[in-house]
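This report concerns only the one structure given below.
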Amino acid sequence: MRKLLALVLSVMPLLACGEKPRVKEFDGPSAFRYLETQVAFGPRVPGTEPHRRMDAWLDSLLRRRADTLIVQRWNHVTAKGDTLPMVNFLARYQPAAEKRILLLAHWDSRPHADGPNSRDSTLPVPGANDGGSGVALLLGVTDVLERTPPTVGVDLLFVDGEDYGDFTGTPQDVLIGSRYYGAHQPPGPAPIYAVLFDLIADKELQIYQEGNSLVGAPEVVSLVWDTAKDLGLAGTFISSPRHTLIDDHLELQKAGIRAIDVVDFDYQFWHTPDDTVDKVSAQSLQVVGDLAVALIRREGTT
Ligand SMILES: [Zn+2]
């Protein structure tokens, strides 16, 4: 892969006089390895050993890479009276910068595979796409920022407890980490906008605009889909609405942050025991990773 890229670069100037060759900063295959590592821990259900191991892994990895790491730890008492240990990680780059953007994903896995296509709702969700893909994308971004630091402030937020409880009726014991973050934001400049990445590695990736994003922060939806179009990704980022979802972006919106959801909700293995590594791809991570990096670089040049 690296060799091929070097060869292409050496030929490019001859082919395109004066045009800068576009180098991909985001490395989809290595981001995919972050996804595999998470799934190998087992379902990252709060209160279980895989959750503890993933907590330690994220902590050590982000501590080495971020300019500043903020770890939020607290206990959440569920409607049933169980006490769950919760952890949010906020990896900050250029922490003093006035102008900043926030990218986030949830890192927990759902304890019950109770989706419409599930064959066994007593099993937990392996979370290759649901949880695993968003985290893999953010970790891929940390590699990019390590090589070339951003000129704008970047906050990468890994929230816990998105998927623990019940989304039907009045949502209960879900979006726990994003709600906590909304109430406990670090002091200093707030992000100009936030993008949530969820379910973004489906092999058949198609990302439509999400309803609550269009209502809560339409200008951010336009910015993201325009950026995708500029990158030639209009085949994946489709400029029309489709689903309206309850997801972590709503808790950030409630806290005053212009937050949207980048999500492919047409995933037949959603909340099933079959949300496994063979259903997702490095190529899809590459597409969304290119978009995420373009958002960061774009704010750094204006
Ligand atoms: Zn989920």
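The values are calculated or read from the model by the stated rules, or taken from the named source; none is laboratory data. For clarity, every value in this text was computed on a predicted model and none was experimentally measured. So basically every Cβ, Gly included, is an ideal-geometry build from the backbone, and we count neighbours across all protein chains shown. We work out accessible area using only protein heavy atoms, side chains counted, and drop any ligands, DNA or RNA first. Shrake-Rupley method; radii C 1.70, N 1.55, O 1.52, S 1.80 Å.
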Item to complete: Using the structure shown, decide if Leu90 is within 16 Å of the ligand (Cβ to nearest atom) and under 24 Å from Ala217 (Cβ atoms).
Response: no
Discussion item. Consider segment 262-271. How many of its residues are more than 12 Å from the ligand (Cβ to nearest atom) and open to solvent by less than 40 Å² (accessible area, probe 1.4 Å)?
Written reply: 2
Discussion item. Within 27 Å of Thr301 (Cα to Cα), in contact with a Leu (Cβ under 9 Å, 6 or more places away or on another chain) and surrounded by 12 or more Cβ atoms within 10 Å (Cβ to Cβ): which single residue out of Phe26, Phe32 fits that description?
Written reply: Phe26
Item to complete: Output the number of the condition that Asp160 fails; it satisfies all remaining conditions of (1) more than 16 Å from the ligand (Cβ to nearest atom); (2) in contact with an Asp or Glu (Cβ under 9 Å, 6 or more places away or on another chain).
Response: (1)
Practice prompt. Go through segment 117-152 and give me each residue that's surrounded by fewer than 24 Cβ atoms within 10 Å (Cβ to Cβ), touching a residue at least 40 places away in the same chain (Cβ under 8 Å) and within 16 Å of the ligand (Cβ to nearest atom).
Written response: Asn117, Ser118, Leu123, Pro124
Worksheet item: What helices (runs of 4 or more DSSP H), lying completely within segment 156-244, carry at least 2 residues that are out of contact with any strand residue (DSSP E or B) (no Cβ under 8 Å at 6 or more places or on another chain) and of a type in the set (S, T, N, Q)?
Response: 218-230
Response to the item:
Those residues of segment 98-115 which are crowded, with 19+ Cβ neighbours inside 10 Å and more than 16 Å from the ligand (Cβ to nearest atom) amount to Arg100, Ile101, Leu102, Leu103
Worksheet entry | Test for Asp274: is it open to solvent by 10 Å² or more (accessible area, probe 1.4 Å), farther than 21 Å from Leu139 by Cβ, among the charged types (D, E, K, R) and within 16 Å of the ligand (Cβ to nearest atom) | yes
Worksheet item: Restricting attention to segment 56-88, which residues are outside any strand (DSSP E or B) and crowded, with 20+ Cβ neighbours inside 10 Å?
Response: Leu58, Leu62, Ala66
